[in-house]
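The values are calculated or read from the model by the stated rules, or taken from the named source; none is laboratory data. Just so you know, these numbers come straight off a predicted model, no measurement behind them. Glycine also receives a Cβ, built like all others from the backbone with ideal geometry; neighbour counts cover every protein chain displayed.
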Amino acid sequence: MNKTSKIYIAGHGGLVGSAIYRLLKKEGYLSLVVRTSRELDLTCQADVEDFFAKEKPEYVFLAAAKVGGILANSTYPADFIYRNLAIQSNIIHEAYVSGVKKLLFLGSSCIYPKFAPQPMKEEYLLTGPLEPTNEPYAIAKIAGIKMCQSYNRQYGTNFISVMPTNLYGPFDNFDLETSHVLPALIRKFHEAKVNMQEAKAEVSYKAECKAKVPGSQPQPEPEPSDGRSVTIWGTGTPKREFLYIDDLADACLFLMEHYDGSEIINIGIGEEVSIGELASLIREIVGYEGEIVYDSSKPDGMPRKLLDVSRLNALGWKAKTSLQDGILETYDWYVNSKTGRGNS
């Protein structure tokens, strides 16, 4: 790609797409094409066909997708498989029809079998059963990979597929019903901290008022009734890998410029942390002083999910942002966005 290439970022409003868009703008790319979901329905084949025929992008970052955590995947399995199959099929096919020079398809680490050996190598794809809680989403992503590979083989296209690990960062989804674990924990701990502060302030105020009443005896300050604990799904023992979103964008641009193969490429940091350890780290960063309660009646998901990133590292790319630094940046953005000081 050069700085005047016409580049379409599908899903530029989401976590991944917005990071890619910000990076390309920062690097001086001048002809970026974007559409909101209201302007272009990517599940409609005719609309996508018209868009590609009119715009004729030279390069495509396919970051558009319906995503969510365990609760969302369990609640809306039909939506996850239908919408993702429709979006990626329409874009990949029309990229071929319109002569796109290169397309990058964003997959997911959930494509690998539930009990795949750790760390997970690219060749472990389709070697065992998937994790049931996100199987529809994973099957859609696997179909996207195979579609890119099939078009490369039959039509000679240059469509590459990358598999990022768990992502987080500014502009993430913090909705407790549809978010992934890290942003959900940030919100839970922040709201619990605020509730605890408000409850303590109320208790102190009532005690102060009572002390001013003539003849009243000092009473011990009761514990606040709100914010004393945060409940987390599962046992806290599963291990996950987390990649800061700006690092992912950097890796995608790197691969767009330096990789042309059909084989999938893992994108990650190569380090894992248990959900319990993650919760403790976020609690410390947020400054929450309450307890953590684990609800073992809820599903854990895959027991481990660590990517082998040796193929990507061998190409010359490594992640730069530590988990602690990334969470600090994400929490700062979350707090500022709630108070109106952050970007929206």
Report yes if residue 89 is surrounded by fewer than 20 Cβ atoms within 10 Å (Cβ to Cβ), at pLDDT 95 or above and not in a loop (DSSP other than H, G, I, E, B), otherwise no. yes
Output the number of the condition that residue 299 fails; it satisfies all remaining conditions of (1) assigned to a helix (DSSP H, G or I); (2) touching a residue at least 60 places away in the same chain (Cβ under 8 Å). (1)
Does residue 101 satisfy the condition of being over 25 Å from the mean Cα position of the chain (by Cα) and either among the hydroxyl-bearing types (Ser, Thr, Tyr) or surrounded by fewer than 17 Cβ atoms within 10 Å (Cβ to Cβ) (or both)? yes
Do you know which residues across the range 146-176 are surrounded by fewer than 21 Cβ atoms within 10 Å (Cβ to Cβ), part of a helix (DSSP H, G or I) and of a type outside the set (A, V, I, L, M)? 146, 149, 150, 151, 152, 153, 154, 155
Kindly list the number of the only condition in (1) at pLDDT 90 or above; (2) within 21 Å of residue 332 (Cα to Cα); (3) assigned to a helix (DSSP H, G or I) that fails for residue 142. (2)
Considering each of 192, 184, 143 in turn, give the residue that is in contact (Cβ under 8 Å) with a residue 12 or more places away in the chain and surrounded by fewer than 21 Cβ atoms within 10 Å (Cβ to Cβ). 143
Could you check the range 143-178 and list, in sequence order, the residues that are out of contact with any Cys (no Cβ under 6 Å at 6 or more places or on another chain) and closer than 21 Å to residue 310 by Cα? 145, 160, 162, 163, 164, 165, 166, 167
Got a sec? Which of 313, 266 is within 16 Å of residue 163 (Cα to Cα), part of a strand (DSSP E or B), at pLDDT 95 or above and of a type outside the set (A, V, I, L, M)? 266
Report yes if residue 37 is in a loop (DSSP other than H, G, I, E, B), within 19 Å of the chain's Cα centre (by Cα) and within 30 Å of residue 307 (Cβ to Cβ), otherwise no. yes
